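The values are calculated or read from the model by the stated rules, or taken from the named source; none is laboratory data. Values in this document were obtained by computation on a predicted structure and should not be read as measured data. Here the Cβ positions follow ideal geometry from the backbone for every residue, glycine too, while neighbour counts run over all protein chains shown.
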Amino acid sequence: MKAFDYAAPASLPEAVGLLASQPSARLLAGGTDLLVQLRSGRKDADVVIDVKKIPELNEISFNPADGLTIGAAVPCYRLTADAAIQSHYPALVEVASWIGGTQIQGRASLGGNLCNSAPSADSIPLLIALGATALIAGPAGRRSVPVDEFCTAPGRNQLAPGELLVSIQIPAPAPFSGAAYLRFIPRNEMDIAVVGAGASVTLSNGVISAARVALSSVAPTPLFVPAAGESLLNQMPTAEALEAAAKIAQEAASPISDMRGTAAYRRHLCAVMVRRALELAVARAQEIN
Amino acid sequence: MATVFFPTLVRQQTGGLAQIEVPGATVGELIIAIEARFPGISKHLLRPNLAISVDDEVTPLGVLEPVRPDSEVHFIAAISGG
Amino acid sequence: MSTTTYNVIGTRPVRHDGADKVTGRALYGADLQLARMIHGAVLRSPHAHARILRIDTSKAEAFPGVFAVVTAADFPEAPADKIVDFGEGDTMLSSLRGNILASGKVLYSGHAVAAVAAVNAHVAAEAAALIEVDYEPLPCVLTAPEAMAPGAPILHDDLPNGNVAELIRYEMGDLDAGFAEATVIVERELDTATVHQGYIEPQNATAFWSSDGRIHIWCSTQGSFVARDASAAVLDVPVSQVKVTPMEIGGGFGGKINVYLEPVAAMLSKKAGRPVKLVMSRRDVFTGTGPTPGSRVRVKIGVNDAGKITAAQAWLAYEAGAYPGAMVGPGAMTVFACYDIPNVLIEGFDVVVNKPSTAAYRAPGAPNSALATETVLDEIAEKLGLDPLELRLRNAAQEGTRRADGPRYKRIGCIEVLEAMKASPHYNAPLPGPNCGRGVAIGFWFNAGLPSSATLSVNADGTVNLIEGSTDIGGSRTSLSMQAAEVLGLRAEDIHPTIVDTDSVGYTGVTGGSRTTFSTGLAVHDAAQIVVEQMKARAARLWAVDEVAFSNGVFSANGQSFTFAELAAQLGATGGPVSCSATVNPKGVGGSIAGLIIDVKVDPETGKTDVLRVTSVQDAGKAIHPAYVEGQMQGGTAQGIGWALNEEYFMDTAGDMRNGSYLDYRMPTALDLPMIETIIVEVPNPGHPFGVRGVGEANIVPPLAAVANALYRATGKRLNRVPMNPATILGL
Amino acid sequence: MSVKVQVQTTINNEPVEFLCEPRQSLLECLRDIVGLTGTKEGCGDGNCGSCTVKLGDRIVTSCLVLGVEAAGESITTVEGLAHGSTLHPLQKAFLDHAALQCGICTPGFLIAADALLQKHPHPTEEQTRFWLSNNLCRCTGYDKIVRAVQAAAIEINGAAQ
C-alpha cells in the first residue's frame, strides 16, 4: 500500500473543501472496502479523508412523515440496534446484519456500500425497492439522486469530483406495505451475493397498489426492474402474479460467469430470489399495520 | 529363502516375473542376489520414491533390514503425510 | 478393543500451553521482534507459464529504505539430479530451489521471482513492485487430463513422458476373471478441484545470517529439522550451520512441511546483514504455497450376488502442480485399502500442470481416490438392495488382508468402525423430511513412523521437564506429557514440556503423518522407562537392595517405599540429577480407519446444501487425550465437508486464481456446520506400548464421498465433480 | 513514507500513545508498535476475524481500521481479557472444552465471544454461530468453540431462565 496522508474533517464544508482541493483523495467511512482496495493496489490515494467525525454523516433519524435518514457513515451495527428501524424497516435490519459478519458490521455503512457501487452490493437492491434517495453535498451545494439512478458502472456512480454522500433518505413505509431483501450465497454468511433481490409491495384492500423490484450481481450495476413491479399493479398477490413478476426481472438481468457463479445459474436464481423476496414482502405487508 | 515382490512397472526388467525367492540375511543381500540374475534391476528398486516393506511394515533400515527365510519384501510408494 | 486401564491416558487435562494461547502470550512466527530486524516482500509471477527474459532490480535497490534484493541468481546452482532426503518424501533439489525463486521459467501464477528486504513491509512491497521482469508468456495447461493429452504445453524438458512425472501400477490376481464373476459392475469417473489446507496463520520466516556463517531461522513449520535440512540444501551450507527455532504454529495440515520463505529470508539477511522477517499475505498463501492436487479418478468395481467384491480397477491422474510429486502414490495405495479384494489393477499418473506445486493435506491423495470408490460402492449397494454399511462389512479389510501394493494388514479396525457406524444413534435416526439425504463412507490412512527424540529431566520437586522437537499444532505437548506421566506414575501437570530448536534436541521428524503422538510418544515412553530404571537404581543404592519395584509412581523394596517426588528429592545425594533421552525410528505404525455419517438437506430451487447432522467415527488405537482426538476428527470432517461442497481454486483460462481470498475461497464458517458428533473406536495398535495409531488424517478421507452419497439420496443425482456446489447440483 | 502521526488512545484500560504512518492498520500498530502481538493477522481483508478487537462499543477486524482512527478510542485486545492472573471465564472455558488446537484464531474468537455474551447473555447455538461467522477456525470444526462459549455464558450469567 502506498503512503498517504490522513484527514478527519469535523464538518461537511471542511470535508467538501478538502475533497475539492485533493483530486486523489479517497473517502473513508467504515473502510471495509477502501482499505482492502488500497492494500491490494486496486485503488490508491494521496490522502484519505475520514468522514466519521462529521456529525451529519453519523445521524439516524426517523419520523412518520419524512421517513428515515441514515447518515452515510453510520455503521451497520447501529442500524440493527435502532428501535425505529427495527419496527418500521425489518428488511433493513436484515440486510445490515448480512453485510460481512459481526466485525464488518462494526464498521461498514450503507453509505459506503452505496458509494462503493459494486454490482453485488447487498443493500442497494433493498434501498431501490424502498424508493430511497441519496443526498449528496459538493462544491455546488446539495442535490438528491434516487438510489435507482445512483450507480453507473461497476465501482462508478453519480458522485462528481468533489462530491460526497451525506445521507440516504428512505420514505416512511406506507400502510400495508412490506419489503424484503434476499440473497443467494453458497455459504450461510461471509459471502458475496451470487444473486440478490430486493422487493417492496404495498397492498390496498388486498390488491397490490405499488411494487418495486431490484437485483444485485446480475448486471454492471444493481439493477432496478420497474416492469417487474408494474406488472403487479392492481393484481392480487397470487403465486402466479409473483412468479410472472419474477420472470420479468429475470428477463431484465444480463449476468456474467465468474468465480461466484455461472451466467446460467445466476439467471435461474433471479427468478427464484425475486419470487421469494416478493413473497416475503407480501407476507410482511399482510402482517403489519 | 525370502520372497521379493517386484513392483508392476519393474517387471519389464524381470521378463514379467512378479516375485522371486532369493537367499540373503538382509534386504541388501536379497537385492545383490536379484541384481546378479537381472543385471541393472537394483536401480529400479532402490529409488527415492519407493519405500521398502519387510513383513508388511515399511522399514526405516532400508537395505540393512534383516529378513527371515519366510519374509516378504515389497517395494511400495513412499508415503508422506499431512 | 482396548481393555488396559490407565491413570492418565484417556483423561482430559488442560493443555500445557493453554494459558499462553488464550491470553495472547504464545509467540507465533509473525510475533517475533528482533533488534535491527527488517522486513521483506516477495514479487510473484502474474503469468502461469512464461520464460523470464530479464529481471532488473536496480530501481528496487535504489528505493529509499531498501537493504537487499534477491533473485534466483543469488542462490547456488542446484545439481541436476541431487535428491534431498527429508526422511519422508524425498525431493529433487532443483525442484525445491526452483519453487523458492523461479529461474529460467515461471511455472504458475504466484511463482516467486524476487524478494526485497526493507525498513518495513510497506516499503518492501513498494520496492518489489519496482522490479522489472520481462516475460515471454507461454501457453499454460491447468488440468491433468489436458496435460496428458498430445500436444499439451510442456513444463519441464527433462521429464521422460511429457508432463507425466511418475507412473504407478499395482496389480493383484486376475482382473478379467474377477469381473467375469461379478453380477453387478459399476464404473464412474470423478474429478476433484485443487484445494488448500487453509491454515489461518500465513507462512512466515525470520532469518539471521551471522557474520560467523551460522544461520538462525525462526519460522512456522510442521518440522523444524525438515525446515533446517531443506534450507541448508537450498543455501548449499552444511546442516550444522543452520539452526531452526520453531515458533508456535497456526495450523499446517501438511502445508507447512515444505519451505518457501526460509531460504529467501536467509539470503536477504546475508545481503543486508540484519535479521529479515518475511510474512505471506493470504493471497500469497493461496497462490505461492502448496495446495493439494486436483484429480481425475476412474473406478470400476464388480460385486457378486453375495455382495463380495470380485474385482476392482482404478485409474488416477493427479495434478502435481509445477513440480513432480502429486501424492498419487498414496492415492493409489488407499483407493481400495479398506477392502479385501482378490483381483485389482490400479494405475496412477503424477502430472505436472501450471498451478502451484502441491503439498500434503491431511491423508494426502486419499480423499480424492476414496471419493470414487465409496460412491461406486454406494451405487452398487443400491443396485443389490443392500444397506451400504452391510456391503462394506462383507468386504472389510482385516488382519492379514493383502493390499494391492503388496503388504498385508496387521490388526486393523475396519470392521469395528463399520459396526460402530451401524450401531450409532445417528445411523438409526429417521431423516427429518423431504429433500434430505444420508450418506456414509469410510477411508484409510497409513500414518507414519519416522524419527523422534525426547529428553526427560527429573526436578528435585518431583516434576519432570520434557524436552522435545515436535511442533505442537493441536495439543501434542499434552498428549506426549501424558505418556510420560503414565510411565512415571505422575499427573500430566507434573510434566513440563518444552519444544526446542534443532540444536537442542535429537532429530525429530515432522508433526505430520499422524505420527507425533505415536512416534514422539514412543520416544517419550522410552525415555521415561530409562528414567524409571535410573531412579530404581538410586532407590536400590539408598536401601542397599538389589531389586526395586516401581508401580503407580511408587518405588518399593522390602517394605520400604518412596513416591516419585520423595525419591526425586534425594537424587542429588545419590549420584546427581537424572536426565534421560531416547531417539526412536519406529516400525509398528498402525493405520487408521475413519467413517462418516452425514445428513444434508438440499434446496431444490437453488441447489444449496445445508448440513444437518454429522457423525465422525475413527479408530484411534488408544485415545491418549480423547478431547484432542475428537478435535482431530471434527477438524478433518469440517475440512472434508468444505472440500466437498464449496472450496476450490477457481482458475481463469490464463491460470490466474480468481478467488485467492477467504471471502471467495469459501471455507466453512461456524454457521455452515452443525455440531460434529464423534465416536472414538479403540482397536489398540500392537506396535505401540499404549496402542496409539495416530488420528490426524484418516478423518478427512470419508467426507467427500459421504457428502456425495448424501446428496444423491437428497436429489437423485450422482455428481461427477467436487466441489458439489449449488450450481453443480442444479447442473448450471 | 508520509509524516507519522501521534495517536493517543486507550488500550486495555491503559492510556497509550504511539506514532504511526497513516497507512498502518490498527492491527500493525498494536502488534509492531505497541508490542501487543496477541492479536493475529490471518488474511488482511476482514474475512478471518483473527485480528478482532473491541473498539469502543463494538468489535471490528483491526486489519480494516487505520491506526490513526484509534485516537480517542478505547480498545480491548486479548491481552486485556483476563483480570490480572485470573483467566476470563471464556478463556477458562476454551481450555476446559479443548476449544483450540493451533490457537491462532483463539484471540479473535475470545474477543468476539465476549461481545456476544454482552449482547446475548444466553445465546442459542444459532445465535452463537451467526455471531461468530466472521471468525474462521480451520482446526476444530467449531463444535468445541460453540460449546465453550455456551458453557462460559452459564458460568458468567447463570443458567438460562
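Within the stretch C:631-673, how many residues are among the acidic types (Asp, Glu) and either touching a residue at least 60 places away in the same chain (Cβ under 8 Å) or within 8 Å of chain D (Cβ to nearest Cβ) (or both)?
Within the stretch C:631-673, the first condition is being among the acidic types (Asp, Glu), and the residues that meet it are C:647-648, C:652, C:656, C:664, C:672.
Checking which are either touching a residue at least 60 places away in the same chain (Cβ under 8 Å) or within 8 Å of chain D (Cβ to nearest Cβ) (or both) leaves us with C:647-648, C:656, C:672.
Qualifying residue count for the region: 4.
Show me the helices (runs of 4 or more DSSP H) found entirely inside the stretch A:200-289 where at least 2 residues are surrounded by fewer than 22 Cβ atoms within 10 Å (Cβ to Cβ) and within 19 Å of the chain's Cα centre (by Cα). Steps first, answer last, please.
Values: elements: A:226-230, A:239-252, A:263-287.
Helices (runs of 4 or more DSSP H) meeting the threshold: A:263-287.
With respect to the numbered conditions (1) assigned to a strand (DSSP E or B); (2) over 22 Å from residue C:98 (Cβ atoms), which one is the sole condition not fulfilled by residue C:370?
(1)
Could you count how many residues in the stretch B:1-15 are more than 9 Å from chain C (Cβ to nearest Cβ) and either among the β-branched types (Val, Ile, Thr) or touching a residue at least 60 places away in the same chain (Cβ under 8 Å) (or both)?
Count: 7.
Yes/no per residue for (1) touching a strand residue (DSSP E or B) at 6+ places or on another chain (Cβ under 9 Å); (2) assigned by TED's automatic domain parsing to the domain that holds residue C:479:
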residue: C:531; (1), (2): yes, yes
residue: C:539; (1), (2): yes, yes
residue: C:545; (1), (2): yes, yes
residue: C:564; (1), (2): yes, yes
residue: C:574; (1), (2): no, yes
residue: C:580; (1), (2): yes, yes
residue: C:618; (1), (2): yes, no
residue: C:622; (1), (2): no, no
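Looking at A:65, A:3, A:15, A:73 in this structure, which one is part of a helix (DSSP H, G or I) and either away from every other protein chain (no Cβ under 14 Å) or touching a Ser or Thr at 6+ places or on another chain (Cβ under 8 Å) (or both)? So that I can check it myself, show each step before the final result.
Values: A:65 fails: part of a helix (DSSP H, G or I); A:3 fails: part of a helix (DSSP H, G or I); A:73 fails: part of a helix (DSSP H, G or I).
Sole residue among the options that is part of a helix (DSSP H, G or I) and either away from every other protein chain (no Cβ under 14 Å) or touching a Ser or Thr at 6+ places or on another chain (Cβ under 8 Å) (or both): A:15.
Within the stretch C:16-26, how many residues turn out to be within 7 Å of chain D (Cβ to nearest Cβ), in a loop (DSSP other than H, G, I, E, B) and touching a residue at least 40 places away in the same chain (Cβ under 8 Å)?
Qualifying residue count, the stretch C:16-26: 1.
Being in the same structural domain as residue C:398 (by TED's automatic domain parsing) and closer than 17 Å to residue C:175 by Cα narrows it down to one residue among C:332, C:363; which is it?
Just one listed residue meets the conditions, C:332.
Going through A:134, A:140 one at a time, which residue ends up being out of contact with any Leu (no Cβ under 8 Å at 6 or more places or on another chain), without any contact (Cβ under 8 Å) to a residue 60 or more places away in the chain and under 18 Å from residue A:15 (Cβ atoms)? Give the derivation first.
Working: A:134 fails: out of contact with any Leu (no Cβ under 8 Å at 6 or more places or on another chain).
Testing whether each residue is out of contact with any Leu (no Cβ under 8 Å at 6 or more places or on another chain), without any contact (Cβ under 8 Å) to a residue 60 or more places away in the chain and under 18 Å from residue A:15 (Cβ atoms) leaves just A:140.
Just name the residue that is surrounded by the most Cβ atoms within 10 Å (Cβ to Cβ) out of those in the stretch A:81-118 that are facing another protein chain (nearest Cβ under 10 Å) and hydroxyl-bearing (Ser, Thr, Tyr).
Step by step, filter the stretch A:81-118, then rank; the result is A:102.
With the checklist (1) crowded, with 24+ Cβ neighbours inside 10 Å; (2) within 14 Å of chain D (Cβ to nearest Cβ) in hand, flag the one item residue C:709 doesn't pass.
With (1) crowded, with 24+ Cβ neighbours inside 10 Å; (2) within 14 Å of chain D (Cβ to nearest Cβ) applied to residue C:709, the lone miss is (2).
Looking at C:323, C:260, can you tell me which residue is assigned to a loop (DSSP other than H, G, I, E, B), of a type in the set (Ser, Thr, Tyr) and more than 14 Å from chain B (Cβ to nearest Cβ)? Lay out the reasoning, then the answer.
Working: C:323 fails: more than 14 Å from chain B (Cβ to nearest Cβ).
Testing whether each residue is assigned to a loop (DSSP other than H, G, I, E, B), of a type in the set (Ser, Thr, Tyr) and more than 14 Å from chain B (Cβ to nearest Cβ) leaves just C:260.
Can you tell me which residue is surrounded by the most Cβ atoms within 10 Å (Cβ to Cβ) among those in the stretch C:179-195 that are touching a Gly at 6+ places or on another chain (Cβ under 7 Å) and in a loop (DSSP other than H, G, I, E, B)?
This residue is C:194.
With the requirement that a residue be assigned to a loop (DSSP other than H, G, I, E, B) and buried (at least 24 other Cβ atoms within 10 Å of the Cβ), what does the stretch C:203-212 give you? Can you show your working first?
At the first step, the residues of the stretch C:203-212 found to be assigned to a loop (DSSP other than H, G, I, E, B) are C:203, C:210-212.
Selection gives C:203 alone.
Taking into account only those residues within the stretch D:19-46 that are closer than 14 Å to residue A:31 by Cβ and facing chain C (nearest Cβ under 7 Å), which is farthest from the chain's Cα centre (by Cα)?
If we take residues in the stretch D:19-46 being closer than 14 Å to residue A:31 by Cβ and facing chain C (nearest Cβ under 7 Å), then D:23 is farthest from the chain's Cα centre (by Cα).
Which of the residues belonging to the stretch C:285-311 are part of a strand (DSSP E or B) and farther than 20 Å from residue C:327 by Cβ? Reasoning before the result, please.
In the first step, residues of the stretch C:285-311 are kept if they are part of a strand (DSSP E or B); the result is C:292, C:295-303, C:309-311.
Within the stretch C:285-311, C:300, C:301, C:302, C:303, C:309, C:310, C:311 qualify.
Taking residue C:411, is it surrounded by 24 or more Cβ atoms within 10 Å (Cβ to Cβ), part of a loop (DSSP other than H, G, I, E, B), outside the structural domain of residue C:538 (by TED's automatic domain parsing) and among the basic types (Lys, Arg)? First the steps, then the outcome.
Working: surrounded by 24 or more Cβ atoms within 10 Å (Cβ to Cβ): no; part of a loop (DSSP other than H, G, I, E, B): yes; outside the structural domain of residue C:538 (by TED's automatic domain parsing): yes; among the basic types (Lys, Arg): yes.
So residue C:411 does not fit the description; no.
Provide a single number: the residues in the stretch B:30-77 that are part of a helix (DSSP H, G or I) and in contact (Cβ under 8 Å) with a residue 24 or more places away in the chain.
Of the residues in the stretch B:30-77, 8 are part of a helix (DSSP H, G or I) and in contact (Cβ under 8 Å) with a residue 24 or more places away in the chain.
What number of residues within the stretch D:79-111 are more than 9 Å from chain C (Cβ to nearest Cβ) and on the phi > 0 side of the Ramachandran plot?
Matching residues across the stretch D:79-111 total 1.
Which numbered condition in (1) acidic (Asp, Glu); (2) without any contact (Cβ under 8 Å) to a residue 60 or more places away in the chain; (3) more than 7 Å from every other protein chain (Cβ to nearest Cβ) is the only one that residue D:143 fails?
Tallying (1) acidic (Asp, Glu); (2) without any contact (Cβ under 8 Å) to a residue 60 or more places away in the chain; (3) more than 7 Å from every other protein chain (Cβ to nearest Cβ), residue D:143 fails exactly one: (3).
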